[in-house]
Amino acid sequence: MESELSGTTVAGATSVGKRMSTRSRILFFITAWLIVLMPFMFWWRTWFGRQLSDAELNQFLHDTNHPRHIQHALVQIGDRIAQHDASVKKYYPEMVNLAGFPAEEIRNTDSWAMGQDNTVQDFHETLLKLLHDQSPTVRGNAALALVRFGDSSGRAQIVALLQPAKMVAPVAGRVSAITKTGTAIRQGGLIAKIDSGSRADEVRSPLTGRVRSTSFQIGGQVAAGEELAIVDPGADQVWEALRALYVIGTPADSDAIVPYEHSLPDMPDRIRQQAALTQQAIRDRAGSAAR
């Protein structure tokens, strides 16, 4: 019986194969190929590591309808500055102008890119202005970039990069969604939703990191200004802040560094090592100044 069934199955499959026309097979393979190709093409067009030609770089930098194109161009310019490519200096005036771009991610990337050339006075002045940006991430990146200019004006913003972010309710209402404790979250990721009756307000993380704690559960009633959650900064942000304070930190910054001298969940060991080195550098500077 098994042999008969097996033979029938093979015969049926052969019959179906014969019934599939050449045109149908071609359409099938084209569809399968597109299913594989389209995600790759999307990744290829949005991946900042893709090298842009000079024509693409100029086009992307001025594409105000697609902020990710501008961001891609700024990443490429920053990399080429680091490689001492003088040809990108023609874009320096545009980089200064982009410091006022409405999209936060553009100002953020622009701050980093300007920090790659610490010989440009216009960059230095622009970064000082960005210390007062409405975005804490932009302020932090501007402060880090200023360290490359030998300027410690952004020290307070750098210390703030080591601090957790306390998320509060913008309005009173019912908590209709809230992120779980321990969740890894990207900058702009959803922390909570507050239903005030007439509308639903979203609370989003100002930084990339991990949710340390939450104060409410779904269905809870929250008052305006009440704490919803605490988000700890991610390893990359902490690493850059500690490296900057290694150069410009003062004894007043020690308390903010102390927690990172110990092994912490989700923090690589290099963070603990850098925290210890930064504390030692601060002590050494303080000792030298006292002598």
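A short reminder: the numbers here are calculations on the coordinates, not readings from a lab. Bear in mind that the values here come from a model prediction, so they are computed numbers and not experimental data. As a convention, Cβ positions derive from the backbone with ideal geometry for all residues, glycine included, and neighbour counts pool all protein chains shown.
Within straight-line reach of Lys180, meaning a Cα separation under 22 Å, sit the following lysines at least 8 residues removed in sequence or on another chain: Lys166, Lys193.
With only the Cα atoms considered, the stretch 54-160 has a convex hull volume of 84 Å³ per residue.
FRET efficiency for the Gln221 to Asp269 pair, using the beta carbon distance and R₀ = 45 Å, is estimated at 0.60. Between His62 and Asp284, the distance separating the two model label sites (each 7 Å from Cα on the Cα→Cβ line) works out to 4.9 nm.
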